[in-house]
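The values are calculated or read from the model by the stated rules, or taken from the named source; none is laboratory data. Not measured: the values here are computed from a predicted model. Note that we place each Cβ from the backbone using ideal geometry, even for glycine, and neighbour counts take in every protein chain shown. Note: accessible area is taken over every heavy atom of the protein model, side chains too, but ligands, DNA and RNA are not part of it. Shrake-Rupley method; radii C 1.70, N 1.55, O 1.52, S 1.80 Å.
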Protein chains: 2
Amino acid sequence: MNITIIKAKSLKEKPDPKALGFGKHFTDYMFEMDYFDGKGWINPTIKPYEPLELHPSSLILHYGQAVFEGLKAYKSQEGKTLLFRPEQNFERLNISSDRMCIPEINVNDAMDAMYKLLEIENDWIPTFEGTSLYIRPFIFANENALGVSTSAHFKFMIILTPVGAYYSEGFSPVKIYVEQKYVRAVPGGVGMAKTAGNYAASIKAQYEAKKKGYSQVLWLDGCEHKYVEEVGTMNVFFKVNGEVITPELNGSILSGITRNSVIQLLKSEGYKVTERRIELKEIFDAADKGELDEVFGTGTAAVISPVGELATDDKKITISDGKVGKLSQWLYNELTDIQNGIKPDKFGWVKTL
Amino acid sequence: MNITIIKAKSLKEKPDPKALGFGKHFTDYMFEMDYFDGKGWINPTIKPYEPLELHPSSLILHYGQAVFEGLKAYKSQEGKTLLFRPEQNFERLNISSDRMCIPEINVNDAMDAMYKLLEIENDWIPTFEGTSLYIRPFIFANENALGVSTSAHFKFMIILTPVGAYYSEGFSPVKIYVEQKYVRAVPGGVGMAKTAGNYAASIKAQYEAKKKGYSQVLWLDGCEHKYVEEVGTMNVFFKVNGEVITPELNGSILSGITRNSVIQLLKSEGYKVTERRIELKEIFDAADKGELDEVFGTGTAAVISPVGELATDDKKITISDGKVGKLSQWLYNELTDIQNGIKPDKFGWVKTL
């Protein structure tokens, strides 16, 4: 793939690495490529980060045909750029696209484009502890027409944003509200795709849980409201009586890359890990019997998110005495050390640029 | 509300009224208004129809927080502009917005903006039989940030597109595929909202049905896959043994304005109309017994869409001998005559500008 590179006239000042937040600052350049029916993906270009010209009739503004990914680049102590299982993100992007009738991209071309962009933006990868450069590849429908059908034109882009430490005030457990009214996804729907509408659909539940004092919601299955699915925008794990369990990929759960890595990591350490349907009642019962050791979420943003409290309107359980569980802490250290190149990468997960 | 009006330097040539299609041509002007947290809705402006400048990090491109409406303006034989129950659309927009955590608009202000825009674009309302000016009000999240939460900035717009006759080759029945794999919506989800993601989620089923030779899909409930919900982007009605039945508004079905009008119209003519849960099996059984008189969809685009065939992978039924049913024809004539100002409007549905 021949990428056209358009130089910026001037470069931005880098933001304070201690106050980055998430997705607030964007780098000097972005990658862009267009798809047209009959032409395929054309015009791969790296150019200055700037506003797009979108027609008011662009399909994305009306029918939300879009998919995205999120991954992070880290700087090793030797100054190398490290990526964590990046091919998984681009393969998953194609899985999401298939569900949403979006044309697939060539994974190698997309990765090459990302590597080139990261090379140009090397100075934007922050080195302050806990920080990283968040990479957002995304595709959206961009035909100017109002008929409800798949678009004849799509745009694929990669933008970069330096992000702060997720746990800037220390690695600490969160309180989770068990959502029993709103539903995120259902088998046959689009829950397994990283598509725009899933996130829009989650905002109200998240907003109401925050008002009640919780940081995230635990989603239950969309039909019986009995089985555990995800927590906020993360996958969820439970350690019960020494065994680690997590909901199986049933078509309405996102196939998390951190989820998969945690499963591999735990199995390699000799843990029994089971992917299966998990009833909420089972978790509450285990807590009552003193058998619920730990609960944690897994995702790109937080890596591991320990859960200290789980509550419905009727019942509340405290987990690991509201502290960070041992396994959560170990997984967090282990994964972030691999991602940052501090510990040896025995799984071959890290791509060094 | 004081609307700023920015004049266009030149006006476009009007398209051929006999070859308009749907949502392909846009008028000279559009309405735009911005919302910012702490400021509310500000800067109402009518300005030339032109591309928007959207940042690549605009939330709409990533998380699909958006709602829309669709209604039509007709020209009466006296040259007046007619709208069909427009307040219903703006009230429903607020209902959709509430579910999607989008700030509500003032219905009267929004209607005034639409009236003003229609006044300026009066020449764009086509008069050729079956044509109309389709009005698309929509709101989308426009904050430049990547955190998954409600946006601090939204844009409300109204754009106009002259549309052709839906039945350009005559009012005729369609073949419908009963979708048993993909799911559109589930109670607790966002099925009752006219939000972007619902339409993106429907594209694949629609695409696969088309490949099999059907024009639309009949959606079943998301959990048991047994109960009838909607047909394509329309509500659905069945005439069984003289009684008209339609799925009740259960939270996963869009509350159609044409649906509501059809119910009122039929009741005023003495028909028994029942809104209730309808099992697919019941419809197939009625067909077997010769008691299924008619099936039709209702929506803004087609008004009435008669169904001539309904098929699963295992079973196929022909309805009204594959012809347009008497009631479908009557409803189509009655409604379009009211909308076009040909018949008296005893329900007070038509707004004359």
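Looking only at residues in the range A:1-22 that are closer than 14 Å to A:Ser168 by Cβ and hydrophobic (A, V, I, L, M, F, W, C), the one that is least open to solvent (accessible area, probe 1.4 Å) is A:Leu20.
In summary, A:Gly348 fulfils each of the numbered conditions (1) open to solvent by less than 50 Å² (accessible area, probe 1.4 Å); (2) in a loop (DSSP other than H, G, I, E, B) with the single exception of condition (1).
Return the residues of the range B:139-167 that are more than 7 Å from chain A (Cβ to nearest Cβ), of a type in the set (A, V, I, L, M, F, W, C) and crowded, with 18+ Cβ neighbours inside 10 Å; say none if nothing qualifies. Residues satisfying the conditions are B:Ile139, B:Ala141, B:Phe154, B:Phe156, B:Ile158, B:Leu160, B:Val163. Take the conditions over 29 Å from A:Leu82 (Cβ atoms), surrounded by fewer than 17 Cβ atoms within 10 Å (Cβ to Cβ) and of a type outside the set (S, T, N, Q) and apply them to A:Gly170. Does it pass? No, not satisfied.
Taking the condition of being without any contact (Cβ under 8 Å) to a residue 60 or more places away in the chain and open to solvent by 50 Å² or more (accessible area, probe 1.4 Å), how many residues in the range B:243-267 meet it? Working first, answer last.
In the first step, residues of the range B:243-267 are kept if they are without any contact (Cβ under 8 Å) to a residue 60 or more places away in the chain; the result is B:243, B:245-249, B:256, B:259, B:263, B:267.
Then keep just the ones that are open to solvent by 50 Å² or more (accessible area, probe 1.4 Å); that gives B:248-249, B:267.
Result for the range B:243-267: 3.
What number of residues in the range A:159-203 are more than 23 Å from A:Cys223 (Cβ to Cβ) and either in contact (Cβ under 8 Å) with a residue 40 or more places away in the chain or among the hydrophobic types (A, V, I, L, M, F, W, C) (or both)? Steps first, answer last, please.
Residues of the range A:159-203 that are more than 23 Å from A:Cys223 (Cβ to Cβ), as a first pass: A:159-175, A:196.
When the remaining residues are screened for being either in contact (Cβ under 8 Å) with a residue 40 or more places away in the chain or among the hydrophobic types (A, V, I, L, M, F, W, C) (or both), the result is A:159-167, A:171-175, A:196.
So the count comes out to 15.
Listed here are the residues, each with its yes/no results for (1) modelled with pLDDT of 95 or more; (2) under 27 Å from the mean Cα position of the chain (by Cα).
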position: A:Ile6; (1), (2): yes, no
position: A:Leu11; (1), (2): yes, no
position: A:Phe22; (1), (2): no, yes
position: A:Phe26; (1), (2): yes, yes
position: A:Glu50; (1), (2): yes, yes
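The residue of the range A:65-87 that is most open to solvent (accessible area, probe 1.4 Å), among those that are within 14 Å of chain B (Cβ to nearest Cβ) and under 14 Å from the mean Cα position of the chain (by Cα), is A:Lys72. Here the range A:204-217 is the region considered, the condition is being more than 29 Å from A:Arg99 (Cα to Cα) and touching a residue at least 40 places away in the same chain (Cβ under 8 Å), and the residue that is nearest to the chain's Cα centre (by Cα) is A:Ser215.
When the range B:204-224 is filtered for residues that are facing another protein chain (nearest Cβ under 7 Å), touching a Ser or Thr at 6+ places or on another chain (Cβ under 8 Å) and either in a loop (DSSP other than H, G, I, E, B) or surrounded by 24 or more Cβ atoms within 10 Å (Cβ to Cβ) (or both), only B:Gly222 remains.
Note on the range B:88-103: among residues that are within 14 Å of chain A (Cβ to nearest Cβ) and either part of a loop (DSSP other than H, G, I, E, B) or not hydroxyl-bearing (Ser, Thr, Tyr) (or both), the one that is nearest to B:Val163 (Cα to Cα) is B:Leu93.
Quick check, is B:Tyr227 among the aromatic types (Phe, Trp, Tyr) and either under 20 Å from B:Pro306 (Cβ atoms) or open to solvent by 40 Å² or more (accessible area, probe 1.4 Å) (or both)? Give the steps one after another, and end with the answer.
Details: among the aromatic types (Phe, Trp, Tyr): yes; either under 20 Å from B:Pro306 (Cβ atoms) or open to solvent by 40 Å² or more (accessible area, probe 1.4 Å) (or both): no.
No, not satisfied.
When A:His55, A:His25, A:His62 are checked against the criterion of being closer than 29 Å to B:Pro51 by Cβ and open to solvent by less than 10 Å² (accessible area, probe 1.4 Å), A:His62 stands alone in meeting it.
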